[in-house]
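The values are calculated or read from the model by the stated rules, or taken from the named source; none is laboratory data. Worth saying up front: this structure is predicted, and the values here are computed from it rather than measured. Because the Cβ atoms are built from the backbone with ideal geometry, glycine has one as well, and the counts that use them run over all protein chains shown. The accessibility values were calculated without ligands, DNA or RNA, using every heavy atom of the protein model including side chains. Shrake-Rupley method; radii C 1.70, N 1.55, O 1.52, S 1.80 Å.
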Amino acid sequence: MLTQETVLAAAADAGLTPCSIVVRRLDSGEGPDISIEPQRYLYPASMLKVPLALATLALVQSGDLRLDQPFEVTHANMTANDKPSPMVPGYAAPLREIVELAITISDNVATNMLYDIVGRERATAIVQQRFGLTTTSFARKLSGSEPLIHDAEWDGERRNRHNAGDAARLYELIARDRVPFAHLLRETLARQQFNNKLSAGLLPGDRFAHKTGDTDEVTHDGGILDTFLGASYAIVVYAGLEATDSNNARFGPFMNQIRALL
């Protein structure tokens with residue numbers, strides 16, 4: 001049986017410390033609901049892109065935006081990406097593609113465009129007030145490398161916030177179809193192209209719709225796990241470790257240990 005003690009032991013064995021972890025059964029009242037320091041502040045990195053996508057889709061639902069609405073890429077939002085991207089100055093991308101790229105390839109330029117399209121204060125209000133992500137806030141645009149992108153609207157002090165507890169709540173809302181365009185969000189998460197962390201510890205037939213986050217301070221992964229036997233879980237792991245290949249490889253053994261107990 002999975003318990004807080006077994007999750008902590010698995011994290012220690014894998015070297016995932018310091019950490020913030022949530023494992024929650026979604027399809028049944030019978031199952032684990034484990035939270036280990038879910039409110040702990042660790043910089044969210046690209047995990048923040050999922051609630052930003054939610055705020056965007058909430059505005060599509062209200063009619064303020066359209067999924068086919070085009071937005072032009074500008075020099076002001078340019079920064080490095082880990083994968084090749086069509087987001088270059090002058091390219092007009094429909095909103096649907098901007099959301100897709102922000103999640104599936106963790107596109108930083110697409111994300112920065114969403115900051116402009118939605119507005120960081122409006123996005124913060126939407127996710128906090130409508131969806132109960134009370135500790136999530138959008139403060140600064142994202143940078144893929146040094147030097148950091150110039151962000152004229154940043155106040156110079158606040159940091160982006162989206163802890164493991166809020167991330168788990170968001171994945172639960174998506175899994176239960178309690179947010180706008182939940183099916184689209186889940187399908188987009190399922191097309192995630194970075195699968196070198198928790199995905200490495202899954203069993204054949206499992207499906208993991210998820211998002212990762214990486215900086216030189218943190219490495220994270222979290223999403224919705226559907227097991228080959230039909231059970232569903234929200235699983236989120238934040239680790240205060242530099243996102244190196246060796247540290248990212250710690251997630252697989254951790255997932256392998258807890259997966260055996262689900």
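Which residue out of Asn81, Asn77, Asn108, Asn112 is surrounded by 15 or more Cβ atoms within 10 Å (Cβ to Cβ) and farther than 26 Å from Ala190 by Cβ?
Asn77
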Any idea which of (1) of a type outside the set (Val, Ile, Thr); (2) more than 13 Å from Val50 (Cβ to Cβ); (3) surrounded by fewer than 17 Cβ atoms within 10 Å (Cβ to Cβ) is the one Asn247 doesn't satisfy? (3)
Only one of Glu242, Glu217 that is in contact (Cβ under 8 Å) with a residue 12 or more places away in the chain and either touching a strand residue (DSSP E or B) at 6+ places or on another chain (Cβ under 8 Å) or surrounded by 18 or more Cβ atoms within 10 Å (Cβ to Cβ) (or both): Glu242
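Which residue out of Ile98, Ile36, Ile103, Ile126 is open to solvent by less than 50 Å² (accessible area, probe 1.4 Å), over 23 Å from Leu184 (Cβ atoms) and at pLDDT 95 or above?
Ile36
Against the definition (β-branched (Val, Ile, Thr), surrounded by 20 or more Cβ atoms within 10 Å (Cβ to Cβ), in contact with a strand residue (DSSP E or B) (Cβ under 7 Å, 6 or more places away or on another chain) and closer than 18 Å to Tyr171 by Cα), how does Val23 come out, yes or no?
On the way: β-branched (Val, Ile, Thr): yes; surrounded by 20 or more Cβ atoms within 10 Å (Cβ to Cβ): yes; in contact with a strand residue (DSSP E or B) (Cβ under 7 Å, 6 or more places away or on another chain): yes; closer than 18 Å to Tyr171 by Cα: yes.
Yes.
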Please identify the pairs in which a residue from segment 172-189 that is in contact (Cβ under 8 Å) with a residue 40 or more places away in the chain has its Cβ atom under 6 Å from the Cβ atom of a residue that is open to solvent by 40 Å² or more (accessible area, probe 1.4 Å) and part of a helix (DSSP H, G or I), counting only partners at least 6 apart or on another chain. Ile174/Arg186; Pro180/Gln61; Thr188/Glu100
Quick test of your reading of the structure: Asn160 fulfils all but one of (1) buried (at least 17 other Cβ atoms within 10 Å of the Cβ); (2) free of Cβ contacts under 8 Å to residues at least 60 places away in the same chain. Name the failing condition by number. (2)
Hey, which of the helices (runs of 4 or more DSSP H) in segment 12-128, taking only ones fully inside, have at least 2 residues that are in contact with a helix residue (DSSP H, G or I) (Cβ under 6 Å, 6 or more places away or on another chain), on the phi < 0 side of the Ramachandran plot and of a type in the set (S, T, N, Q)? 108-118
Quick check, is Asp155 outside any helix (DSSP H, G or I) and either closer than 20 Å to Leu59 by Cβ or open to solvent by less than 30 Å² (accessible area, probe 1.4 Å) (or both)? no
